[in-house]
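Novice: Can you read through this structure? Questions will come right after.
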């Protein structure tokens, strides 16, 4: 068990990189010697730090709202990012997207952590990339969200990805950007602390980026 925990910690450190003032964790597709019984439906092993089961908003403990979300190519502001040329993954530099939103209705001066998960457009299935940043609510209770997120090399032409922000109390999110467990003794398939507000419109055109032809 100690060996497994060490391995998981090493992977978490390798995948969490500081990007534009926030941490970004991304899962890459690769071969794995881990038995299939130790993986989730999308092929990610249970110890992959991007594998998080996020709880829905609890209506009895909600706060604020996210009226709209803009998700665009950080390079030119449109809603398409080119895939990498096969065999030339470093060609053209990193691919980044930009997530912008103004969340409202929060307690002035209080700290909140905004966690943005990239999901498959339409289905809302976790795409294996998340980023996060802690904000202090303005005097009028707003969180001015502006985050850059790295698009992984595994992104394939034709994929449509939606940015789905969720707002948590800053105390409810760990340093790795993952929401705290309800039961800290839990190991797998753990229930997490719910967010205060979340964006769940996975079909909103302004919140979707399409992976374009390789370039």
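Novice: Answer yes or no: is there a residue in the stretch 46-61 that is part of a strand (DSSP E or B) and at pLDDT 90 or above. Give the derivation first.
Specialist: So in the stretch 46-61, the residues part of a strand (DSSP E or B) come out as none.
No; the residues of the stretch 46-61 include none that is part of a strand (DSSP E or B) and at pLDDT 90 or above.
Novice: Shifting gears a bit: Restricting to the stretch 63-80, give me the number of residues that are in a loop (DSSP other than H, G, I, E, B), at negative phi and in contact (Cβ under 8 Å) with a residue 60 or more places away in the chain.
Specialist: First, the residues of the stretch 63-80 that are in a loop (DSSP other than H, G, I, E, B): 63-64, 66-69, 74-79.
Of the ones still in play, those that are also at negative phi are 63, 66-69, 74-76, 78-79.
Pick out the ones that are also in contact (Cβ under 8 Å) with a residue 60 or more places away in the chain and you get 63, 66, 68-69, 74, 79.
Matching residues across the stretch 63-80 total 6.
Novice: Filter the stretch 176-191 for residues that are surrounded by fewer than 19 Cβ atoms within 10 Å (Cβ to Cβ) and under 14 Å from residue 56 (Cα atoms); which is modelled with the lowest pLDDT? Show your work before the answer.
Specialist: Pass one, the stretch 176-191, residues surrounded by fewer than 19 Cβ atoms within 10 Å (Cβ to Cβ): 176, 180-191.
Filter once more, keeping what is under 14 Å from residue 56 (Cα atoms): 180-182, 190-191.
Details: 180: 94, 181: 92, 182: 92, 190: 85, 191: 88.
It comes out as 190.
Novice: Name the one entry in 170, 215, 137 that is surrounded by 15 or more Cβ atoms within 10 Å (Cβ to Cβ) and in contact with a strand residue (DSSP E or B) (Cβ under 8 Å, 6 or more places away or on another chain).
Specialist: On the way: 170 fails: surrounded by 15 or more Cβ atoms within 10 Å (Cβ to Cβ); 215 fails: surrounded by 15 or more Cβ atoms within 10 Å (Cβ to Cβ).
Going through 170, 215, 137 in turn, just one is surrounded by 15 or more Cβ atoms within 10 Å (Cβ to Cβ) and in contact with a strand residue (DSSP E or B) (Cβ under 8 Å, 6 or more places away or on another chain): 137.
Novice: Mind counting the residues in the stretch 161-193 that are in a loop (DSSP other than H, G, I, E, B), on the phi < 0 side of the Ramachandran plot and out of contact with any helix residue (DSSP H, G or I) (no Cβ under 7 Å at 6 or more places or on another chain)?
Specialist: 12
Quick grid of which residues meet (1) at pLDDT 95 or above; (2) buried (at least 16 other Cβ atoms within 10 Å of the Cβ):
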{"position": "95", "(1), (2)": "no, yes"}
{"position": "111", "(1), (2)": "yes, no"}
{"position": "115", "(1), (2)": "yes, yes"}
{"position": "118", "(1), (2)": "yes, yes"}
{"position": "129", "(1), (2)": "no, yes"}
{"position": "141", "(1), (2)": "yes, yes"}
{"position": "156", "(1), (2)": "no, no"}
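Novice: Tell me which of these residue 123 doesn't satisfy, since it passes every other one: (1) in contact with a strand residue (DSSP E or B) (Cβ under 9 Å, 6 or more places away or on another chain); (2) under 16 Å from residue 56 (Cα atoms).
Specialist: Unmet condition: (1).
Novice: On the given criteria, is residue 209 surrounded by fewer than 22 Cβ atoms within 10 Å (Cβ to Cβ), assigned to a strand (DSSP E or B) and touching a strand residue (DSSP E or B) at 6+ places or on another chain (Cβ under 9 Å)?
Specialist: no
The values are calculated or read from the model by the stated rules, or taken from the named source; none is laboratory data. Note that the coordinates shown come from a computational prediction; the quantities given were computed from them, not determined experimentally. Positions of Cβ are generated from backbone atoms using ideal geometry, with glycine treated the same way; all protein chains shown enter the neighbour counts.
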